[in-house]
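The values are calculated or read from the model by the stated rules, or taken from the named source; none is laboratory data. No experiment lies behind these values; they were computed from the predicted model shown. Reconstructed Cβ throughout: ideal geometry from the backbone, glycine too, with neighbour counts over all protein chains shown.
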């Protein structure tokens, strides 16, 4: 049974990611003032899937270039929606959100769930970047395409495991690209990475509890 599970999972996930282009390019922003925590709650666990996990190998075999995968567990906290998006910074200046995904959560069915950012290669030098939510084989995704650009280095950094409150925005990971640099230092200091690099994409997430 286990031998057949991962190929089936890969087909379901990658097919959903590829077909997600039908949803169109979604550029979304979030009013962070409305996402500040109202009170301290023993929170929602967010952990990066370890690189040795078989799922990365399955994604790679299915044609995915780079990927970040996150396990999200709200525990006993009642939450309603998850919003995940990418903000772009060029030479330290914000260019706004370039991709976003929001989906409703069913507490009985969606605990825990996984979030994905994948960057499979596209033809003509372009990249297709995809955000996805998956629970029990159900996948919701959103995709956009960007030119690879003339970069000499690229670094993907995922943040340390964390616990957040509902309506609190957190950074999940960062993608950094530079021209004229052959090496980029990895760091949890997101502001420093934005200042010190040419092209920075910051993956952010808010797990929302409606009032």
statement: Scanning the range 112-137 residue by residue, the ones that are part of a loop (DSSP other than H, G, I, E, B), modelled with pLDDT under 80 and surrounded by 13 or more Cβ atoms within 10 Å (Cβ to Cβ) total 2
- line: Across the range 174-189, the tally of residues that are surrounded by fewer than 20 Cβ atoms within 10 Å (Cβ to Cβ) and either at pLDDT 95 or above or in contact with a helix residue (DSSP H, G or I) (Cβ under 8 Å, 6 or more places away or on another chain) (or both) stands at 1
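Do we find that residue 147 is touching a residue at least 40 places away in the same chain (Cβ under 8 Å), under 20 Å from residue 66 (Cα atoms), surrounded by fewer than 13 Cβ atoms within 10 Å (Cβ to Cβ) and in contact with a strand residue (DSSP E or B) (Cβ under 6 Å, 6 or more places away or on another chain) in this structure?
For residue 147, the condition - touching a residue at least 40 places away in the same chain (Cβ under 8 Å), under 20 Å from residue 66 (Cα atoms), surrounded by fewer than 13 Cβ atoms within 10 Å (Cβ to Cβ) and in contact with a strand residue (DSSP E or B) (Cβ under 6 Å, 6 or more places away or on another chain) - is not met.
Quick one: count up the residues across the range 83-111 that are farther than 30 Å from residue 196 by Cβ and at pLDDT 90 or above.
Step one: filter the range 83-111 for residues farther than 30 Å from residue 196 by Cβ, giving 102-111.
Pick out the ones that are also at pLDDT 90 or above and you get 102-104.
Counting residues in the range 83-111 that are farther than 30 Å from residue 196 by Cβ and at pLDDT 90 or above gives 3.
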